[in-house]
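The values are calculated or read from the model by the stated rules, or taken from the named source; none is laboratory data. Since the structure is predicted, the reported quantities are computational estimates derived from the model, not experimental observations. Note: ideal-geometry Cβ built from the backbone for every residue, glycine included; neighbour counts use all protein chains shown. These accessible areas exclude ligands, DNA and RNA; they are computed on the full protein's heavy atoms, side chains included. Shrake-Rupley method; radii C 1.70, N 1.55, O 1.52, S 1.80 Å.
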Amino acid sequence: DWGGEELMAPALARRLRDFQFAQEKRRKKYGNERPWGILGLYDHLAGVRMDVEWAEDAAWRRANGEPYCAWTEFESSKNQGFNRPFFTYLILLVCTGILIASIGVNGWVVEPVSINPMIGPSAETLVQMGAKETYLIVNENEAWRLVSPMVLHAGLIHFFLNMLALWFIGSAVEQSHGFIPALVLFIIPAIGGTVLSAMFLPE
């Protein structure tokens, strides 16, 4: 049985025990239940990654004669200082400001649900604020409209659903992978979606 600890190098066996210890601590704190779907899978993988990092940190401290960092303290450190999801905070702030501005441009009123089911400004106001308009992108060279839709929302429903997803998924991605990967994962799909929409849904 090549999985037995007796056949492993002592350092590797110790790392495995550290990782198993971290997994046990996680189960005691959070239980075995996870969110459903892709969010549940990501939550599980992010937890595994953090526990591996703790095991590696424990191995480094052991090799250098440093005192151990408790698992709970290590996990808490991921939510402090520069490990906080600043990019997520920034996008939430910008999107909120743009939504308020779009309603202001619309005369501080939202259109009837029969006109805008998302409970927001008129289509004309959204175009004025930077919504995707293929004619303007192609014929008026307004390439900035490929970027502006990522922070523009059709109304309150659209805004709250997107911000809910951003808060739970975006903050998890940023805390696991950092500011730059979160920035890339936000911008590239957003621009790509706008380009595809402009190509296949020009109106």
For the stretch 89-118, how many residues meet the condition of being among the aliphatic types (A, V, I, L, M), open to solvent by less than 60 Å² (accessible area, probe 1.4 Å) and either free of Cβ contacts under 8 Å to residues at least 60 places away in the same chain or in contact with a strand residue (DSSP E or B) (Cβ under 9 Å, 6 or more places away or on another chain) (or both)?
4
Taking the stretch 44-80 as the search range and keeping residues that are of a type in the set (S, T, Y) and farther than 23 Å from E33 by Cα, which one is modelled with the lowest pLDDT?
S77
For the stretch 133-146, name all the residues that are open to solvent by less than 70 Å² (accessible area, probe 1.4 Å) and either out of contact with any Lys or Arg (no Cβ under 8 Å at 6 or more places or on another chain) or touching a residue at least 40 places away in the same chain (Cβ under 8 Å) (or both).
T134, I137, E142, A143, R145, L146
Identify the residue in the stretch 17-29 that is touching a residue at least 12 places away in the same chain (Cβ under 8 Å) and either in contact with a strand residue (DSSP E or B) (Cβ under 7 Å, 6 or more places away or on another chain) or loosely packed, with under 14 Cβ neighbours inside 10 Å (or both) and, among all such residues, is farthest from E56 (Cα to Cα).
K29
Restrict the check to the stretch 175-187 and report whether at least one residue is part of a loop (DSSP other than H, G, I, E, B) and either on the phi > 0 side of the Ramachandran plot or touching a His at 6+ places or on another chain (Cβ under 7 Å) (or both).
yes
In the stretch 136-153, what count of residues is obtained for those that are farther than 20 Å from A165 by Cβ and either part of a helix (DSSP H, G or I) or aromatic (F, W, Y) (or both)?
8
Could you check L166 against (1) open to solvent by less than 40 Å² (accessible area, probe 1.4 Å); (2) at pLDDT 90 or above and say which number it fails?
(2)
Is it fair to say P121 is in a loop (DSSP other than H, G, I, E, B), open to solvent by 40 Å² or more (accessible area, probe 1.4 Å) and closer than 17 Å to N106 by Cα?
no
Return a yes/no flag: does the stretch 7-22 have any residue that is under 30 Å from F186 (Cβ atoms) and at pLDDT 80 or above.
yes
Flag for E66 being more than 30 Å from R27 (Cβ to Cβ), over 18 Å from the mean Cα position of the chain (by Cα) and loosely packed, with under 12 Cβ neighbours inside 10 Å:
no
Filter the stretch 149-163 down to the residues that are open to solvent by less than 50 Å² (accessible area, probe 1.4 Å) and either of a type in the set (K, R) or farther than 13 Å from L99 by Cα (or both) and list them by number.
none
By residue number, the members of the stretch 36-52 that are touching a residue at least 12 places away in the same chain (Cβ under 8 Å) and either open to solvent by 50 Å² or more (accessible area, probe 1.4 Å) or touching a Leu at 6+ places or on another chain (Cβ under 8 Å) (or both) are L39, Y42, D43, R49, V52
